[in-house]
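The values are calculated or read from the model by the stated rules, or taken from the named source; none is laboratory data. This structure is a prediction, so every number in the text was calculated from the model and none was measured. Using ideal geometry, Cβ is built from the backbone for each residue, glycine included, and neighbour counts are taken over all protein chains shown. Please note that ligands, DNA and RNA were not included when accessible areas were found on the heavy atoms of the full protein model with its side chains. Shrake-Rupley method; radii C 1.70, N 1.55, O 1.52, S 1.80 Å.
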Amino acid sequence: MTAWTEGPVKKTLAKFAEQKEDFRLTSGEPVHRLYTPVDLADQDYLEDLGFPGEYPFTRGVQPTMYRGRFWTMRQYAGFGSAEETNARFKYLREHGQTGLSVAFDLPTQIGYDSDHPLAEGEVGKVGVAIDTLADLETLFAGIPLDKVSTSMTINAPASTLLAMYQAVGRKQGVPSRALNGTVQNDILKEYAARGTYIFPPGPSMRLVTDIFAYCAREMPDWNTISISGYHIREAGATAVQEVAFTLANGIAYVQAAVEAGLEVDSFGPRLSFFFNSHLDFLEEVAKFRAARRLWARIMRGRFGAKNPRSWMLRFHTQTAGVTLTAQQPDNNIIRVAWQAMAAVLGGTQSLHTNSRDEALALPSEDSVRIALRTQQLIAHESGVAETIDPLAGSYYVETLTDRIEAEARHYIERIDAMGGAPAAIERGFIQSEIHDSAYRYQREIESGDRVIVGVNKFQVEEEGPRELLRVDPEVAERQRAKLARIKAARDGGAVDRALGALEGAARGRDNVMPHILEAVEAYATLGEINDILRKVFGEYHASTAL
Amino acid sequence: MAQEKIRVLVAKPGLDGHDRGAKVIARALRDAGMEVIYTGLRQTPEQIAEAALQEDVDVVGLSILSGAHRHLFPRVVEALRRKGLGDVLVIGGGIIPTEDVPELKRQGIAELFGPGTPTAKVVEFIRKMVGAERESGRDVEP
């Protein structure tokens, strides 16, 4: 190695300088010129990598991975009314999408009905508006819930939407035990990065563990949480921070559930994760492998889980929305393609590919089809899915995997010392680490150290906007009219009784889920149900410190 | 003669919780020597105008990614006018389709900064606009 550095390398450098003095990953870590077996001297194959489907799952959670079945192709979709989103779901299914993923509008995400004053201007904008069970019935009309798996990106009011889904299943004649899907239900990342919280952390954690306990009994195949690094990364975190903060949140949920009296293996197998796939291709592949190994070690070592399914980190991936540029939007197709490839090489169970126009508006039908085709091209044409974890053994990828695991572990130790993730969030530690990274990234772009094609290099005069999706401004009015009709038609006494019982459960220790289900089936609104919880639990207000 | 620092209120109207852009801009403005106050999330136009009044700011910077800008940005301008703050410079950013820009400008948003805008451009714009007003005699410290 020294002979090589001192000989040929030195001679070449004398003639041609390298492009930069300093090569760095998005996380700021230096990238060396070359990686060799020396970098992996400490790695033990069986201990650190092992075989797919076996502890520590570095190489994947299933023994045959994509040779048996591809990842679920799950495009996140939702806008306007339940009718419009139902039509988009059917369009995506016709084009070969294999799972549904529901985007809710902001009023729904924050537990407000469409007629709430704060919902003005927001109804149906970033997702579908859901006020009552009737909307969810429309959303899944003609889509048999025993034949699809559905992911719902909903957090603060997750309990309400989960109950509505269960109720739609009942109306379709599908028993709860046969329902398959995921409710995001990850409230800690809302305080840390995404901002759609309602209640303070304490009662929010109680709602999370109520869902764990309820699903263990009633919906055994349902993923009760999707512990999400995605938003943490979008807010500016590095790859290492994404793994560290996500798993630290995961530890907090497991801890809370154990403290609530649940046995770790009763809910451990139903925990799932959600990661971002960013620009640094090889770092991203390594990140997924490192996260899987670290979680296996935490669940077995720290929590003493016995069931191998509790050790497995199963995850959904979305390509990085924040990396898409409004400039030269077609370039985004290419960015998304390699981000998706990184997710597949990292062993994801489910994938959403972003559309090229998302830095401008919600995706148009054409754009979302190209995004879905990107996944199908990787699956059927690239060949990378035909053997398991094909980058294993790369000196560089293994070095990165080891490094990300070690650094994430170091962060988790610091968070443990503060009293765990909720305490670290309350004192603003996680938010400020994320913010520092976001600012550094922006500075790198502005100084030109980090090239973003079309933004700070290779710019062109931009053409006018192409056809963008517009949410029909009438949606809000129609939604409010529908809500009024349902309120007029329902049995008000049944609503009051159910809401009263819910308030009692929320004030005491009973699981709130059966009461929410009863309220939902009486067509109580999302706003009414969450107002009860607001009354009992109070509301959270984040710090405005910069 | 030392001039008072330019004061900026960075605000997130509506329900959108994505504040990476708002916070990055806030920090860049502060690094450029301005006084920056952040409202936090989920502010109504009235709350933003009230904060602008209390904090006696020269500039209000709004950020929205949810598509509610056409509804909410003009309401902030109205609320500021009602409080006698019609002179405050209002700028906006976020996911704003180019075709919405002329209408928003007509309604009193001085400039809109889309994704990929260098923070230096925002700093320069604020300095130019606020500086010009100060030179014309308004708000100049004795």
ask   = Among A:352, A:541, what's the order by accessible area (1.4 angstrom probe), most exposed first?
value = A:541, A:352
ask   = For residue A:534, what accessible area in Å² do you get when you roll a 1.4 Å probe over the heavy atoms of the protein chains, rounding to the nearest 10?
value = 30
query = Measuring from a point 7 Å past the Cα of residue B:82 along Cα-to-C-beta, which residues in region B:13-48 have an amide N at less than 16 Å?
reply = B:14, B:43-48
key: Reachable aspartates and glutamates, given that their alpha-carbon falls under 16 Å from the alpha-carbon of residue A:15 and they are not under 8 places away in the same chain   = A:6
note = A student asked for the Cα radius of gyration and Dmax of region A:64-214 in angstrom ought to give 15.6, 52
key: Relative contact order of chain B, defined on C-alpha pairs under 8 angstrom at six or more residues apart (%)   = 26
query = Once the mean 1/r over all distinct Cα pairs of region A:1-144 is inverted, what Kirkwood radius in angstroms do you read off?
reply = 21.0
key: Residue order for A:231, A:380 - accessible surface, 1.4 angstrom probe, largest first   = A:380, A:231
remark   = Check: C-alpha center region B:103-133 vs C-alpha center region A:222-267, spacing in Å is 40
query = With every protein chain left in place, what is the accessible area of residue A:146 in Å² (1.4 Å probe, nearest 10)?
reply = 80
query = Across peptide A:113-121, what mean number of C-beta atoms from other chains lies inside 10 Å of a residue's C-beta?
reply = 3
Rounded Å value of the spacing that divides the Cα centres of region A:446-489 and region A:342-405 = 24
inquiry  = Quick check: Cα centre of region B:1-58 to Cα centre of region A:66-93, how many Å?
reply    = 38
ask   = When the solvent-accessible surface of protein heavy atoms is calculated with a 1.4 angstrom probe, in what order do A:101, A:266 fall, highest first?
value = A:266, A:101
message = Could you check the spin-label model distance between residue A:260 and residue A:83? Points 7 Å from the Cα along Cα→Cβ, value in nm.
response = 3.9
query = With each label point set 7 Å from Cα along the Cα-Cβ vector, what nm distance links residue A:35 and residue B:5?
reply = 4.4
query = Given +1 on the Cβ of Lys and Arg, -1 on the Cβ of Asp and Glu, and no further charges, what dipole in debye does region A:342-479 carry about its Cα centre, rounded to the nearest 20?
reply = 160
message = Counting each pair of different Cα atoms once, what's the Kirkwood radius of region A:470-546 in Å, rounded to one decimal?
response = 14.3
query = How far is helix A:526-537 tilted off the main Cα axis of chain A, in degrees rounded to 10, range 0 to 90?
reply = 80
request  = Mind grabbing the interface size between A and B? I mean buried accessible area, both sides, 1.4 Å probe, in Å² to the nearest hundred.
outcome  = 3200
remark   = Computed over the protein assembly as shown, the Cα gyration tensor eigenvalues, each multiplied by 5 and square-rooted, give semi-axes in Å (largest first) of 37, 36, 24
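Could you work out the mean projected area of the convex hull around the alpha carbons of region A:396-546, in square nanometres to one decimal?
17.2
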remark   = Given all pairs of distinct Cα atoms, region A:371-453 yields a Kirkwood Rh in Å of 16.8
query = If you line up the long axis of helix A:492-507 against the longest principal axis of chain A, both from Cα atoms, how many degrees apart are they, to the nearest 10?
reply = 50
query = Using alpha carbons only, how many degrees (0 to 90, rounded to 10) separate the axis of helix B:119-135 from the longest principal axis of chain B?
reply = 50
message = Given points 7 Å out from each Cα along the Cα-Cβ axis, report the residue A:177 to residue A:22 separation in nanometres with one decimal.
response = 6.1
Whichever lysines have a C-alpha closer than 27 Å to that of residue A:10, once near sequence neighbours (fewer than 8 apart) are set aside = A:20
request  = Can you work out the accessible area per residue across the protein assembly as shown, with the rest of the protein chains kept in place, probe 1.4 Å, in square angstrom?
outcome  = 40
ask   = Long-range amide H contacts for residue A:273: which residues qualify at under 5 Å (H placed 1.01 Å from N, peptide plane, sequence gap of 5 or more or a different chain)?
value = A:227, A:314, A:315, A:316
remark   = The pairs in A:189/B:12; A:147/A:189; A:457/B:23 lying past 22 Å Cα-Cα in this model are A:147/A:189; A:457/B:23
key: Length-normalised contact order for chain A - Cα pairs under 8 Å, 6+ apart - percent   = 18
request  = Would you calculate the volume per residue, in Å³, of the smallest convex hull containing every Cα atom of region A:196-311?
outcome  = 107
query = How much net charge surrounds residue A:539 when only the other residues with a Cβ under 11 Å from the Cβ of residue A:539 are counted, with Lys and Arg +1 and Asp and Glu -1?
reply = +2
query = Among the residues of region A:504-546, which ones have their accessible area go down by 20 Å² or more when all the protein chains sit together, as opposed to their chain alone (1.4 Å probe)?
reply = A:544, A:546
query = Given a cut-off of under 8 Å on Cα pairs at least six residues apart, what relative contact order in percent is computed for region A:130-252?
reply = 25
